[in-house]
1. What residue, of 71, 29, is farther than 28 Å from residue 156 by Cβ and either in contact (Cβ under 8 Å) with a residue 60 or more places away in the chain or surrounded by fewer than 21 Cβ atoms within 10 Å (Cβ to Cβ) (or both)?
2. Check off (1) in contact with a strand residue (DSSP E or B) (Cβ under 7 Å, 6 or more places away or on another chain); (2) within 19 Å of residue 154 (Cβ to Cβ); (3) in contact (Cβ under 8 Å) with a residue 40 or more places away in the chain; (4) surrounded by 22 or more Cβ atoms within 10 Å (Cβ to Cβ) for residue 107 and give me the number that stays unchecked.
3. Please enumerate the residues belonging to segment 318-331 that are touching a helix residue (DSSP H, G or I) at 6+ places or on another chain (Cβ under 8 Å), more than 25 Å from residue 188 (Cα to Cα) and at pLDDT 95 or above.
4. Of the conditions (1) buried (at least 24 other Cβ atoms within 10 Å of the Cβ); (2) on the phi > 0 side of the Ramachandran plot, residue 180 fails just one. Which one is it?
5. So which residues in segment 295-313 are surrounded by fewer than 16 Cβ atoms within 10 Å (Cβ to Cβ), touching a residue at least 60 places away in the same chain (Cβ under 8 Å) and part of a helix (DSSP H, G or I), if there are any at all?
6. Filter segment 288-317 down to residues that are modelled with pLDDT of 95 or more and either under 22 Å from residue 32 (Cβ atoms) or out of contact with any strand residue (DSSP E or B) (no Cβ under 8 Å at 6 or more places or on another chain) (or both), then give me how many there are.
7. Does segment 1-12 hold any residues that are loosely packed, with under 14 Cβ neighbours inside 10 Å and touching a strand residue (DSSP E or B) at 6+ places or on another chain (Cβ under 7 Å), and which are they?
8. Out of curiosity, is residue 282 surrounded by 13 or more Cβ atoms within 10 Å (Cβ to Cβ) and either assigned to a loop (DSSP other than H, G, I, E, B) or modelled with pLDDT of 95 or more (or both)?
């Protein structure tokens, strides 16, 4: 009987040999990706850039869709095996146009790394009225994956890696008011529910897609220094979370706990390439292994059960089809 990860049935470490200090280069040692095609969203900055460089160095051809092509060209100028395309995750037509162009190439898609995202931003809405963190961090993933499904299936051995976050522990998914129409907007709640949605989507996509040899993983990269992700967050938010002192200086213990960018990309690369995951999917991973299930209300390592719930996962799939207008049939 095939297993799935509903209710965290598979959610336990498998002894990968890697940990929080492992880097992307560590986890890909000995793996040859020659002939493989990958798409990495947000692949021109931060951990996405490190992911692109690591996969490309192992022989894969990487397509990096970017909103700012000139910036992407500059950041990737010394990287081999890379193709740049235009895409804006807040623009539905842009996502569709990118996917159409890739499908028209006739190539299979072996790896889809949904890495791009935003964090802790003021209340904004997309053209549909959907809150921007939910729109960018999750619904864009759903739309892009749905549009690229024929190419994933064609690979006959594809993986989808959806970058999530420990921040999913800030909030479960609010099915009654996901877009903050009837409740006060809190950016941490918005971010949290967007990442809970990523986990639920990864769970359900894996269960539906494994028949076609497409496996899916949710990844928490860790808390990482040197990225652009928190650029819009106010100082008060970092202070509220205990990251900074009254003068805005990062606390030494926080600075010591941050991962480097190569360490932050490690779990993404491990999920994309490890043979240990050939028969396992739908799991939430961190620190180069499958994470533990956690209970309680405090923020800690591991994954909360509400983001691995079968009923919520199926309910979110239907809601996502409604919000995007895409019938994502797996066949």
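1. Result of the check over 71, 29: 71.
2. Condition not satisfied by residue 107: (4).
3. Of everything in segment 318-331, those that are touching a helix residue (DSSP H, G or I) at 6+ places or on another chain (Cβ under 8 Å), more than 25 Å from residue 188 (Cα to Cα) and at pLDDT 95 or above turn out to be 326, 327, 328.
4. Here residue 180 meets the rest and fails (1).
5. Correct list: 305, 306.
6. 12
7. 12
8. yes
The values are calculated or read from the model by the stated rules, or taken from the named source; none is laboratory data. Quantities reported herein were computed from a predicted structural model and do not represent experimental measurements. All Cβ positions, even for glycine, are placed from backbone atoms using ideal geometry, and neighbour counts span all protein chains on display.
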